[in-house]
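**Q** My structure is below; once you've seen it, I'll send some questions.
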Amino acid sequence: MRRPLRLDDLQWKLSRNNDNLHLIAITNLSDNNHRLKRWWCKKYNTPLKGYEDYTTEELLIEYLEDYYDQNRTEIDRFMASIEAEGYGEWDGTMDDEYEKDVQARYKKVFEANKADLSKWKSEDKLTEEQEKKLLANLGKKLPKSRMNPNKGDKDKIAFLGEDEFEDVY
């Protein structure tokens, strides 16, 4: 169980460079569906979801939404500071060095987790009739479930492998 989030925790998190959380909160305020949810929560004095269902980031975003909703001029100030730092709009490109680094890391992961499928491959091509027969019998010889809580009471729940689902319902 998570410990409760305190105000000084929020202030510490906000003091770190969490520009992305600020941008998410500002964007949420311009989203009509999200604004409607916030209005409903305020009107009926209920949270959108329970406290335990929130992550720390979600709580921070809601905190920032409330802050920016009450201080609309701060949105412009924050956006100006983002642009001054050179974050602006991303053109979709990455530094070549960073791209090579990412590709090298993924290559290691893919090589370490590579599966050998050669034992299941066949050079023989199936005819259309063989394909249909294979697909028609797919899964028919699976073992039946041994974990039947009903023990003879087949009217309650249909288990895969016992009956046809449509026949029971």
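What follows is calculated from the coordinates using simple rules that are stated; it is not laboratory data. Just so we're clear, the structure is a prediction, and the values are computed from it rather than from any experiment. For neighbour counting, all protein chains shown are included, and Cβ atoms are generated from backbone atoms with ideal geometry for every residue, glycine included.
**Q** Report every pair of residues separated by at least 6 positions or lying on different chains whose Cβ atoms are under 6 Å apart, first residue within the range 59-88 and under 12 Å from Asp19 (Cβ atoms), second assigned to a helix (DSSP H, G or I) and small (Gly, Ala, Ser).
**A** Leu64/Ala25
**Q** Which one of the conditions (1) assigned to a helix (DSSP H, G or I); (2) in contact with a helix residue (DSSP H, G or I) (Cβ under 7 Å, 6 or more places away or on another chain); (3) not hydroxyl-bearing (Ser, Thr, Tyr) does Leu48 fail to meet, given that it meets all the rest?
**A** So Leu48 meets the others, but not (1).
**Q** With Ala80, Ala84, Ala112 as the choices, which residue is aliphatic (A, V, I, L, M) and under 27 Å from the mean Cα position of the chain (by Cα)?
**A** Just a single option satisfies the conditions, and that option is Ala112.
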